[in-house]
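Visitor: Dumping the structure here so I can ask a few things about it.
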Amino acid sequence: MPTRVLVPSGVLGLGFDRAALARGVAMRPDIIAIDGGSTDSGPFSLGAGQSKYSRAATKSEWRDLMLARAQAGVPLVIGTAGTCGADATVDWMFDITVEIATELGQTLRVARLYSSQTADTVTTALAQGRVTPLTPAPEIWPDSLAQMTNIVALAGAEQMQAAIQTGAEIIIAGRTTDTATIAALPLLRGDHPGAAWHGAKIAECGALCSTNPTSGVIVVDFDETGFTVEAMHETALCTPHSVSAHMLYENTDPFILYEPGGHLDVTHARYTALDARRVRVEGSEWVPGRYTVKLEGARVAGYQTTILAILRGAHYAAHAREWVAKLTTFLTDTISRRMDMAPDSYSIDFRLIGVDGALGALENRQGQPVEVGVLGIVTAPTQAIAAEIGKLINPFVLHYPLTEDEELPTFAFPYSPATTDRGALYEFALNHVMEVSDPMQAFRLTVTEVGA
């Protein structure tokens with residue numbers, strides 16, 4: 001049975017064109033599916049269990065999608081809710097949904113799919129030999145798992161199908177693969193499995209598979225032999241090049257994509273332009289395999305304080321690296337004497353904005369900036385220690401001379417105080433797959449009636 005999926009954007013909070021969304025709704029989709037996050041921005045969201053996107057932006061866009069859902073009369077699905085898909089962010093998204101439903105006078109059946117795992121659950125699976133490391137992956141053991149603030153498993157199509165089958169109008173899912181929310185209904189309705197997964201991969205980032213990536217909205221039609229993709233913005237065109245190129249996006253192999261329960265092989269896929277706007281794809285294959293779910297985890301790796309100064313003197317701007325090297329040596333000795341701290345018990349990383357701010361020691365290009373921003377990042381076991389180090393180094397970041405026989409320089413602090421306590425620093429600490437005997441073994445599903 002052919003299935004039409006409307007994808008409003010690559011992620012909720014990034015924005016989409018409202019007129020394009022209206023055109024998509026007018027095409028009478030069977031489901032509206034959008035992603036809610038990823039690991040792109042680092043481990044903080046998962047570690048802290050917080051969304052990286054503003055609540056106001058999320059609510060505004062979700063309100064538009066809830067109105068679109070009501071007009072289309074189809075389910076609205078979001079995966080990896082709240083950036084990381086932890087239980088806390090699923091509930092955060094649920095609260096926003098309830099708030100909007102009340103404001104709009106909508107009565108809704110809302111399903112929540114929870115993906116968070118306890119350390120004990122993963123420890124047991126590890127002892128049973130059901131946890132396998134990916135590449136790269138840190139070594140894990142029971143104590144390291146217990147230190148993680150959040151662990152999530154990535155749901156696939158089967159878990160999303162279970163949520164769809166509850167009859168919910170809105171589904172808020174925890175951590176899912178980027179493709180699962182799109183592939184679930186076509187697979188449930190018997191469309192071609194290779195096409196379902198391939199089309200979902202192409203559609204995962206919305207109009208990124210078109211010539212106008214920021215326009216957001218696309219529609220994908222799935223059937224028994226393949227899929228057809230079309231962008232909804234008037235200036236966005238899907239071409240064989242733009243569509244096929246998306247298999248390269250966030251994927252180590254442009255022909256293979258691993259998902260729970262198998263992998264997609266697009267080696268023999270054929271991309272055909274039906275007209276200037278639409279591309280037809282056939283020939284993709286789904287290869288079943290053992291059922292595993294990916295695990296992601298994060299833990300506190302220390303606490304940070306930052307300090308920012310600006311070098312504007314031509315002499316210092318031209319010799320910023322030398323200055324930082326000399327300053328670092330001096331500060332290491334000073335911290336050792338005044339705070340009785342060994343160098344390996346904390347870290348100070350200076351990044352020179354305008355010189356090597358992005359790549360650090362890996363930078364191989366040189367220029368002549370008018371000024372250089374000096375960003376010092378202090379990482380220590382506690383926030384109190386990090387803050388104390390920040391205060392200790394403050395006067396030297398402001399005044400430290402490049403040579404011993406010159407006048408004491410004065411640099412610029414762009415704000416006061418110059419130091420900022422950043423709080424906990426999180427790191428990814430789990431990149432493994434866990435084998436499960438049943439797709440729902442690692443997930444929980446709750447259905448609630450909300451609204452007027």
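Visitor: Considering only residues that are open to solvent by 50 Å² or more (accessible area, probe 1.4 Å) and under 10 Å from the mean Cα position of the chain (by Cα), which ones fall in segment 10-42?
Guide: Thr39, Asp40, Ser41
Visitor: Of all residues in segment 314-324, count the ones that are open to solvent by 60 Å² or more (accessible area, probe 1.4 Å) and within 37 Å of the chain's Cα centre (by Cα).
Guide: Number of matching residues: 2.
Visitor: For segment 330-347, what are the residues that are outside any helix (DSSP H, G or I), among the aliphatic types (A, V, I, L, M) and open to solvent by 40 Å² or more (accessible area, probe 1.4 Å)? Spell out how you get there, then give the answer.
Guide: First, pick out the residues of segment 330-347 that are outside any helix (DSSP H, G or I): 340-342, 346-347.
Now restrict to residues that are among the aliphatic types (A, V, I, L, M): 341-342.
Scanning segment 330-347 gives a single hit, Ala342.
Visitor: Continuing with the same structure: Filter segment 384-409 down to the residues that are among the aliphatic types (A, V, I, L, M), surrounded by 14 or more Cβ atoms within 10 Å (Cβ to Cβ) and assigned to a helix (DSSP H, G or I) and list them by number. Break it down into steps so the answer makes sense when it comes.
Guide: Taking segment 384-409 and keeping what is among the aliphatic types (A, V, I, L, M), we get 384-387, 389, 392-393, 397-398, 402, 408.
Subsequent filtering for residues that are surrounded by 14 or more Cβ atoms within 10 Å (Cβ to Cβ) retains 385-387, 389, 392-393, 397-398, 402.
Within segment 384-409, Ile385, Ala386, Ala387, Ile389, Leu392, Ile393, Val397, Leu398 qualify.
Visitor: Turning to a different aspect of this structure: Could you please let me know if Glu285 is touching a residue at least 40 places away in the same chain (Cβ under 8 Å), open to solvent by 20 Å² or more (accessible area, probe 1.4 Å) and not hydrophobic (A, V, I, L, M, F, W, C)? Don't jump to the end; show me each part of the working.
Guide: Numbers: touching a residue at least 40 places away in the same chain (Cβ under 8 Å): yes; open to solvent by 20 Å² or more (accessible area, probe 1.4 Å): yes; not hydrophobic (A, V, I, L, M, F, W, C): yes.
Judged against the criteria, Glu285 is a match.
Visitor: Applying the selection to segment 410-420, what residues are surrounded by 13 or more Cβ atoms within 10 Å (Cβ to Cβ) and of a type in the set (Gly, Ala, Ser)? Spell out the reasoning first.
Guide: Within segment 410-420, the first condition is being surrounded by 13 or more Cβ atoms within 10 Å (Cβ to Cβ), and the residues that meet it are 411-413, 418-420.
Ala412, Ala418, listed by residue number.
Visitor: Step by step: first the residues of segment 348-365, then only those that are of a type in the set (A, V, I, L, M) and in a strand (DSSP E or B), then the one that is least open to solvent (accessible area, probe 1.4 Å). Which residue is that? Before you say what the answer is, go through the steps one by one.
Guide: Looking only at segment 348-365, we keep the residues that are of a type in the set (A, V, I, L, M), and these are 348, 352-353, 355, 358-359, 361-362.
Add one more test, that the residue is in a strand (DSSP E or B), and what stays is 348, 352-353.
Numbers: Ile348: 39, Leu352: 3, Ile353: 82 Å².
Among those that are of a type in the set (A, V, I, L, M) and in a strand (DSSP E or B), it is Leu352.
Matching residues to (1) of a type in the set (A, V, I, L, M); (2) modelled with pLDDT under 95; (3) on the phi < 0 side of the Ramachandran plot:
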residue	(1), (2), (3)
Leu257	yes, no, yes
Trp286	no, no, yes
Gly297	no, no, yes
Ala314	yes, yes, yes
Asp340	no, no, no
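Visitor: Taking the stated definitions as given, is Thr97 more than 21 Å from Glu204 (Cα to Cα), polar (S, T, N, Q) and open to solvent by 20 Å² or more (accessible area, probe 1.4 Å)?
Guide: On the way: more than 21 Å from Glu204 (Cα to Cα): yes; polar (S, T, N, Q): yes; open to solvent by 20 Å² or more (accessible area, probe 1.4 Å): no.
Here the answer is no, as Thr97 does not meet what is asked.
Table: residues versus (1) under 22 Å from Tyr249 (Cβ atoms); (2) touching a Ser or Thr at 6+ places or on another chain (Cβ under 9 Å); (3) among the hydroxyl-bearing types (Ser, Thr, Tyr).
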| position | (1), (2), (3) |
| --- | --- |
| Leu6 | yes, no, no |
| Gly15 | yes, yes, no |
| Ala20 | yes, yes, no |
| Gly36 | yes, yes, no |
| Thr39 | yes, yes, yes |
| Thr83 | yes, yes, yes |
| Val98 | no, yes, no |
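Visitor: Looking at (1) farther than 30 Å from Asp120 by Cα; (2) surrounded by fewer than 17 Cβ atoms within 10 Å (Cβ to Cβ); (3) charged (D, E, K, R), which is the one condition that is false for Glu435?
Guide: (1)
Visitor: Tell me the strands (runs of 3 or more DSSP E) entirely within segment 115-226 that contain at least 2 residues that are of a type outside the set (D, E, K, R) and within 19 Å of Glu296 (Cβ to Cβ). Can you show your working first?
Guide: Details: elements: 131-133, 148-153, 170-173, 218-222.
The qualifying strands (runs of 3 or more DSSP E) are 131-133, 148-153, 170-173.
Visitor: Identify, by number, the condition in (1) more than 25 Å from Pro193 (Cβ to Cβ); (2) surrounded by 15 or more Cβ atoms within 10 Å (Cβ to Cβ) that Gly226 doesn't meet.
Guide: Of (1) more than 25 Å from Pro193 (Cβ to Cβ); (2) surrounded by 15 or more Cβ atoms within 10 Å (Cβ to Cβ), only one is false for Gly226: (1).
Visitor: Find all pairs meeting these conditions: Cβ atoms under 7 angstrom apart; at least six residues apart or on different chains; first residue within segment 366-380 and assigned to a loop (DSSP other than H, G, I, E, B); second residue of a type in the set (Val, Ile, Thr).
Guide: Pro369/Val355; Glu371/Ile310
Visitor: Any idea which of (1) among the hydrophobic types (A, V, I, L, M, F, W, C); (2) under 30 Å from Pro138 (Cα atoms); (3) buried (at least 17 other Cβ atoms within 10 Å of the Cβ); (4) more than 32 Å from the chain's Cα centre (by Cα) is the one Leu327 doesn't satisfy?
Guide: The one condition Leu327 does not meet is (2).
Visitor: Oh, and also: In segment 288-313, what residues are surrounded by fewer than 20 Cβ atoms within 10 Å (Cβ to Cβ) and among the basic types (Lys, Arg)? Even if it seems obvious, please write down each step before you answer.
Guide: As a first pass, look at segment 288-313 and keep what is surrounded by fewer than 20 Cβ atoms within 10 Å (Cβ to Cβ): 288-291, 300-302, 306, 308, 310, 312-313.
Selection gives Arg290, Arg312.
Visitor: Still on this structure, please answer the following. Looking only at segment 188-206, which residues are modelled with pLDDT of 95 or more, closer than 20 Å to Asn251 by Cβ and either surrounded by 24 or more Cβ atoms within 10 Å (Cβ to Cβ) or of a type in the set (A, V, I, L, M) (or both)? Let's see the steps before the verdict.
Guide: Of segment 188-206, the ones modelled with pLDDT of 95 or more are 188-204.
Narrowing further to those that are closer than 20 Å to Asn251 by Cβ: 193-204.
Selection gives Ala195, Ala196, Trp197, His198, Gly199, Ala200, Lys201, Ile202, Ala203, Glu204.
Visitor: Something else about it: List the residue pairs whose Cβ atoms are under 9 Å apart, where the first residue sits in segment 235-253 and is at positive phi, the second is part of a loop (DSSP other than H, G, I, E, B), and the two are 6 or more positions apart or on different chains.
Guide: Listed by first residue and then by second, the contacts come to Glu250/Ser38; Glu250/Asp40; Glu250/Asp178; Glu250/Glu204; Glu250/Cys205.
Visitor: With the checklist (1) open to solvent by 60 Å² or more (accessible area, probe 1.4 Å); (2) in contact with a strand residue (DSSP E or B) (Cβ under 8 Å, 6 or more places away or on another chain); (3) at pLDDT below 95 in hand, flag the one item Pro381 doesn't pass.
Guide: For Pro381, the exception is condition (3).
Visitor: Contact list please: Cβ distance under 9 Å, first residue in segment 105-128 and on the phi > 0 side of the Ramachandran plot, second residue in a helix (DSSP H, G or I), pairs at least six apart or on different chains.
Guide: Short answer, once both residue conditions are applied: none.
Visitor: So, in segment 210-240, how many residues would count as being touching a Phe, Trp or Tyr at 6+ places or on another chain (Cβ under 8 Å) and at pLDDT 95 or above? Steps first, please.
Guide: Of all residues in segment 210-240, those touching a Phe, Trp or Tyr at 6+ places or on another chain (Cβ under 8 Å) come to 215-217, 220-221, 240.
Pick out the ones that are also at pLDDT 95 or above and you get 217, 220-221, 240.
Number of matching residues: 4.
Visitor: For Pro439, state whether it is part of a loop (DSSP other than H, G, I, E, B) and modelled with pLDDT under 95. First the steps, then the outcome.
Guide: Details: part of a loop (DSSP other than H, G, I, E, B): yes; modelled with pLDDT under 95: no.
So Pro439 does not fit the description; no.
The values are calculated or read from the model by the stated rules, or taken from the named source; none is laboratory data. Computed from a prediction, not measured in an experiment: that's the story for all the values here. Glycine also receives a Cβ, built like all others from the backbone with ideal geometry; neighbour counts cover every protein chain displayed. Keep in mind that these areas ignore ligands, DNA and RNA; they rest on the heavy atoms of the full protein, side chains included. Shrake-Rupley method; radii C 1.70, N 1.55, O 1.52, S 1.80 Å.
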